[in-house]
Amino acid sequence: MTTNRVRGLRERGFTLLELMIVVSILAIIASIGVPQYVAALRTARIGKAKHELVTISHAVDAYAAANGGQLPLTLHQVGFGGRRDPWGVPYCYLNYTDGTGDGLQWAIDAGLVDPSAVKGTPSGGGAGGGEGAVIEGVGGGTGGGGGSLGGRRGGFLPWPRPLRPQGAETVQMLSGRVGVARTVAADVVATVPRPMASTEVDSLFTSIATSSGFTVFTSVPVETTRRRDRYMFPLNTDYDLFSLGPNARTTVSLGESLGQDDVIRANNGGFFGVAADY
């Protein structure tokens with residue numbers, strides 16, 4: 001008799017009340033754990049963005065030190081072309097002196113920059129940040145001619161690796177890239193409002209020739225595009241470098257809510273962190 005009663009209790013399963021208690025416990029655990037996980041993930045991503053901004057900033061500063069104080073036209077020249085932040089959006093860079101930079105699609109969306117400012121190679125976005133770049137100045141055939149970069153601004157660096165015999169198709173492809181790189185480099189150099197040293201032009205040509213999907217923004221109206229704090233003072237006096245943050249959107253002034261979650265460089269490198277903390 002006792003054995004049958006125990007067997008009956010085992011076969012009965014859970015009651016509705018018991019299931020509701022279990023579900024309630026799981027809901028409480030989830031309500032506590034999920035927000036903590038999301039907060040921890042956000043903190044980790046912000047920390048990674050800050051670290052990468054510092055690293056990129058050091059590379060930009062090193063380039064300037066090696067080129068008489070002139071900043072790179074694009075992050076491609078310092079090895080960070082098309083680099084995306086932890087939220088998958090390209091880092092934003094604006095060279096105040098030359099009006100060039102990267103990741104400025106936000107400024108196009110805001111009506112501050114004309115879409116024709118984007119120049120690049122015809123491989124479709126790849127390292128350029130996938131911003132739907134407008135392709136300009138690409139031509140000159142595939143024979144490596146493509147024209148020089150003009151006596152006004154110095155020469156160009158030859159293709160960094162010799163075109164050793166590797167089959168006709170390979171040689172033709174490499175020659176084509178050299179020609180395209182020369183043409184795009186000449187197009188970009190023509191937009192810079194100052195004479196460029198040959199070392200700068202060489203650096204630009206090399207970055208174009210060795211990048212898959214090179215893009216750069218040129219002729220950017222700096223005064224209307226440079227970033228400012230909530231009191232409308234410029235964040236930097238040399239160049240802007242920042243991440244658009246979790247919402248992938250921003251504005252010129254950090255006083256507006258869209259820019260509060262940005263991860264920024266400010267005070268010419270004296271501050272790296274979330275815009276809301278600046």
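The values are calculated or read from the model by the stated rules, or taken from the named source; none is laboratory data. These figures come from a predicted structure and were not determined experimentally. As a convention, Cβ positions derive from the backbone with ideal geometry for all residues, glycine included, and neighbour counts pool all protein chains shown. Just so you know, the surface numbers come from the protein's heavy atoms only, side chains and all, with ligands and any DNA or RNA stripped out. Shrake-Rupley method; radii C 1.70, N 1.55, O 1.52, S 1.80 Å.
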For region 60-96, the count of residues that are outside any loop (DSSP other than H, G, I, E, B) and over 27 Å from LEU41 (Cβ atoms) equals 12
Of the residues in region 228-277 that are among the acidic types (Asp, Glu) and without any contact (Cβ under 8 Å) to a residue 12 or more places away in the chain, the one that is farthest from HIS51 (Cα to Cα) is GLU256
Of all residues in region 221-259, count the ones that are closer than 18 Å to GLY270 by Cβ and open to solvent by less than 20 Å² (accessible area, probe 1.4 Å). 9
Touching a Lys or Arg at 6+ places or on another chain (Cβ under 7 Å), buried (at least 16 other Cβ atoms within 10 Å of the Cβ) and closer than 26 Å to PRO193 by Cβ - does that describe any residue in region 64-84? yes
